[in-house]
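The values are calculated or read from the model by the stated rules, or taken from the named source; none is laboratory data. Small disclaimer: the values here were computed from a predicted structure and weren't measured. Cβ atoms come from the backbone with ideal geometry, glycine included; neighbour counts cover every protein chain shown. Accessible surface is based on the protein model in full, side chains and every heavy atom, while ligands, DNA and RNA are left aside. Shrake-Rupley method; radii C 1.70, N 1.55, O 1.52, S 1.80 Å.
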Amino acid sequence: MKQQRQLYERQRLNRVIDYIYLHLDEPLDLNRLAEVACLSPYHWHRVYRGLAGESLATTVRRLRLHRAAGELLYSERNIADIAKRCGYPQVPSFSRAFAEEYGEPPGRFRETGHDRYSMSPADPLTHFSSVTSSDPHSGAETMHDVSIETLEPVELIGVSHAGDYMNIGQSFDKLYGWLGQNQLFGPELRGIGVYLDDPEVVPAEKLRSMAAVTSPDMAGWPESTMERMTLSGGDYAVLMHKGPYAELHQAYLWFYSQWLPQSGRQPADAPPFEEYLNNPREVAPAELLTRICIPLVAV
């Protein structure tokens with residue numbers, strides 16, 4: 001009976017998650033989402049907050065601003081149109097909300113957001129390679145360090161995602177809902193995103209990825225419909241990115257266009273993955289830390 005109840009609760013949460021992602025351009029009030037969840041609006045907000053770890057209003061605002069950050073970086077859409085898509089009829093109110101979340105107004109974020117990297121200090125036991133690149137907006141030169149690390153194989157459990165990588169949070173929300181229901185969160189849990197296609201050549205709607213986690217205790221976890229995957233071990237180029245997830249695509253472009261040609265290394269026949277070191281529900285986008293791990297051919 002308890003398992004059936006948990007499954008029912010998770011299905012409710014997943015329906016709401018899917019609805020929010022599909023209807024970000026529309027009003028998303030509590031009553032409508034309660035209908036989607038098939039639960040009384042008198043209780044739904046508390047149920048959602050308990051399962052998702054944040055209020056519905058916070059989720060919707062965070063996702064709309066995340067999409068806006070991507071459009072500012074990778075589209076020619078004007079700021080007024082982006083503001084309206086986020087539910088702000090006036091640019092000043094959108095600018096205030098965006099600056100509160102991202103630390104600067106949308107116009108400046110668009111101008112300077114492509115090359116903001118912050119690297120962690122080098123481990124004395126790790127070999128580092130460096131390349132100097134120029135910020136096309138400021139004219140300044142920026143040094144980005146890429147560490148070459150030997151990683152062990154990693155077992156993952158997660159949810160497959162189809163479509164734009166900017167929306168993989170949809171699958172992470174479903175995965176974390178399942179983890180929460182089964183009381184599987186712990187300090188050693190690591191969030192991992194695996195990216196199987198190149199967004200430069202594969203249309204966004206056909207991109208394949210996986211929202212996953214790994215933990216030393218995973219072998220004892222309950223059976224479920226979650227998928228399992230093994231990441232191969234070996235040499236990886238690891239770039240530490242500090243900043244919004246919307247900027248990660250720029251990090252990959254820099255890596256493949258500047259670091260890799262000068263490194264003397266070749267990428268291996270395995271997918272890159274990202275490890276997320278903190279939680280977008282708990283820190284500002286500018287403080288998000290992501291390890292980008294790209295497999296290399298052994299030398």
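Figures for the structure shown
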quantity: Virtual paramagnetic centre 7 Å along Cα→Cβ of M218, amide N under 11 Å, in the stretch 147-181; calculated: 153-159
quantity: R49-R15 FRET efficiency (beta carbon distance; Förster radius 22 Å; 0.05 resolution); calculated: 0.85
quantity: Per-selection metrics, the chain (Cα): Rg and Dmax in Å; calculated: 20.1, 63
quantity: At R0 = 41 Å, FRET efficiency that the Cβ-Cβ distance of E188 and S75 yields, to 0.05; calculated: 0.60
quantity: For the chain: relative contact order, % (alpha-carbon pairs under 8 angstrom, 6 or more apart); calculated: 18 percent
quantity: Unit charges on C-beta of K, R, D, E only; dipole of the chain, Debye; calculated: 1140 debye
quantity: Local net charge near I292, Cβ-Cβ under 13 Å (Lys/Arg +1, Asp/Glu -1); calculated: -3
quantity: Unit charges at the beta carbon, dipole of the chain: most positive-side option, L260, V154, L28; calculated: L28
quantity: Gain on full stretching of the segment that runs from R108 to Q258 - 0.36 nm per residue minus C-alpha separation; calculated: 51.5 nm
quantity: Choice from V47, V201, V154 showing the highest fluctuation, given a GNM over the chain with Cα pairs closer than 10 Å; calculated: V201
quantity: Which of W221, Y236, L288, positive extreme of dipole for the chain (C-beta unit charges); calculated: W221
quantity: Mean separation of Cα contacts under 8 Å (6+ apart) over length of the stretch 196-299, as relative contact order %; calculated: 34 percent
quantity: Unit charges on C-beta of K, R, D, E only; dipole of the stretch 234-299, Debye; calculated: 100 debye
quantity: Computed accessible area, Y74, all protein chains, 1.4 angstrom probe, square angstrom; calculated: 90 Å²
quantity: Most mobile of S215, S257, S147 in a GNM of the chain (Cα contacts under 10 Å); calculated: S257
quantity: C-alpha center-to-center spacing [the stretch 9-48, the stretch 237-278] in angstrom; calculated: 35 Å
quantity: Accessible-area value, K84, 1.4 Å probe, nucleic acids and ligands omitted, Å²; calculated: 130 Å²
